[in-house]
Structure formats: C-alpha cells, structure tokens
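The next block holds one structure in the form of structure tokens; read it before the comments.
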Amino acid sequence: MRWELPLTALGLLLLVVGHGIGLFVAPPEAMMGDVGRILYAHVPTAWVALVAYLAAFVAAVGSLWSGRFTWDAAVAATVEVGVVLNGLLLAQGSIWARPTWGVYWTWDPRLTTTAVMFVMFVGVLLLRSLVEVAERRLTVTAVAGIVAFANVPVVYFSVKWWRTLHQDFSSPETVSSPMVTPLRIAAFGMLFVAIGIAVMRWRAIYAAVQRETESPALPDMPAPLKLPEVP
Amino acid sequence: MTPGSGMITGGWGFVWAVYGLTWTVVIVYLSVAWSLSRRSK
C-alpha cells in the first residue's frame, strides 16, 4: 500500500478530532464568542498553505539545481496544494470577517498580501500550463515559484510590520491554553492530509511528465508527396 | 453582541459555513487527487 494513504487517513482522523473539540468542547472566545471557533479551521489552513509554499520553494531550488523532473513534479504538486489551501483560506477569512469586522473584505495588509500570494501562485500554475517543452517548463516553473515565494515572508510578518485589523500570530503564547490542544490537533491533521494529497498529485504529475519525455510529440510534418501511379 | 460584555453572540451560521466549506474542499480535492493518482499507475 502506498504510504500516503494511511498518513492521509490519520490526517482526516486528527482533523475530525481537532474540529470536534474546537466546536463542541473548547470554550467560546472571550470577545468573538462562538464565532471564534472558526480559528480551528482557519489557522491550520493558513499554516499548512505556507508550509506547502515553503516546500514548493525548496523543490524549485532542487529542480533548478538538478534539472530532474521528479523535483519539477514536486514543485507543481506543492504549488497546487498551496493554491487550493490559499483559496480556501481567503474564503474562510472572508466569512469570519463578516461577524467580527462587519465586512467580508477589507484592504488590510494581511488580507491584501495573502490575496497577492494567491494570485502569484495561480500565475505559476498558469505559466506552467503554457509551456509545452518539458525542459523549458521545468525552468519556467522553478523560477516563477522562487519569485512568487518572495511574498510568503511578507504575508507571515505583515501582522508585525504594519498596523492591521488581523490578529497577531496564533501560537501557544497568543492563544489561551484550552484552545491550544484542538488547534494543534487540527493543524497536524491538515498537515498530514496536505502531505498525502501532495504526494498523490506528485505521483500523477511525474507519471505524466515521464510519459511525455519518453514519447515526445512530433512536430507537424508535411504529408509526403505522392507521385501518380504510372499505368 | 451581549450588552455590556463586549462578546459577540450567535454567529453559528458563519461557523458552520466555514467548516462546511473546509470539509467540502478537503474531501473533493482528496478524491480528485486519489483518482488521478490511481489512474497514473
């Protein structure tokens, strides 16, 4: 059995437990009340999206360094997982913003940099889909991934660098102790599920690239001229 | 908001919307990734 399947199953189990404790056992947040329970879904999504982008950066460096398609597939898989989680993160945040800030969206530094991060990594995938030659696609994907990653530390530190509506880093220092356990369980759950999905996507993308490089499509050739048959 | 306490009350609809969306995305993406991975064997 492929190892990512039990890891993904464990991740789903942890996610159920973490979300269950967050929804039904943990106390309501002091200011936000029950709406604060969104924390246990939103924060793990944010953490794991950033981890996926970090993995994409490492894979992009490995891809450029080695020129091997196994790294190229890893870049594509981790960027894809990051983009899905990033999109989910923005949607979760917008829903949470409505009851707490009174609006679904505001051009706050954390929100804006996160939206820019999403657009940049979607751009990486779009760019990748436009290049047909596998070797060139490897280089383009890796360079675009490294450029896009430049925004990730900006997103992370945006709550420190600028005055923002968004809360500070969520950590055991900034979150009350009854909230830490479900947050940690849900974070590990989301991490394991994301690793499982990334490995599945890596296998599929790598297999497709291998098929492509083993039997590259021939350029269009003109049809051979035929001489009329001599009676 | 509860008068005087400063705490927002209610809002479970937003909570369920977030958890419903999260689980939908996780399950759909996982199913698609698993299906494509199996096909690539």
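Would you calculate, for the protein assembly as shown, the mean residue ellipticity at 222 nm contributed by helices, counting each DSSP H stretch of 4 or more residues as -39,500 (n - 2.57) and dividing by all residues, to the nearest 500?
On the way: 8 runs with 196 residues, N = 272.
The per-residue figure over the protein assembly as shown is -25500 deg cm²/dmol.
What dipole magnitude, in Debye to the nearest 20, does chain A give about its Cα centre under +1 on Lys/Arg Cβ and -1 on Asp/Glu Cβ?
Dipole size: approximately 200 debye.
Considering only the other residues whose Cβ falls under 15 Å of the Cβ of residue A:21, what net charge follows from Lys and Arg at +1 and Asp and Glu at -1?
Numbers: positive: A:37, A:184; negative: A:29, A:34.
Residues close to residue A:21 contribute a combined charge of 0.
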Next item on the list: Output the DSSP H helices from chain A with an along-axis C-alpha extent of no less than 15 Å and a mean Kyte-Doolittle hydropathy no less than 1.0.
Entry: A:4-24, A:39-66, A:109-130, A:134-149
Check: Fewest first, what order do A:69, A:24 take by the number of other Cβ atoms within 10 Å?
Finding: A:24, A:69
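When only DSSP loop residues count, what trypsin sites (Lys or Arg not before Pro) in the stretch A:127-219 have their Cβ near at most 12 other Cβ atoms within 10 Å? Numbers along the way, then the final one.
On the way: sites: A:128, A:136, A:137, A:160, A:163, A:184, A:201, A:203, A:211; in loops: A:163.
Listed in order of number, the matching sites are A:163.
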Notebook entry, point to check: How many angstrom separate the Cα center of the stretch A:94-152 from the Cα center of the stretch A:24-46?
Noted result: 26 Å
Next item on the list: Mind sorting A:191, A:138 by how few other Cβ atoms lie within 10 Å of their own Cβ, fewest first?
Entry: A:191, A:138
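Count neighbours as other Cβ atoms within 10 Å of each site's Cβ, and list the GluC sites (Glu not before Pro) in the stretch A:80-187 that are DSSP loop with at most 14 such neighbours.
Values: sites: A:80, A:132, A:135, A:173; in loops: A:132, A:173.
Sparse-neighbourhood loop GluC sites (Glu not before Pro): A:132, A:173.
Read-outs: derived from the displayed coordinates by stated rules, not from any lab. Please read all numbers here as calculations on a predicted model, not as lab measurements. Using ideal geometry, Cβ is built from the backbone for each residue, glycine included, and neighbour counts are taken over all protein chains shown.
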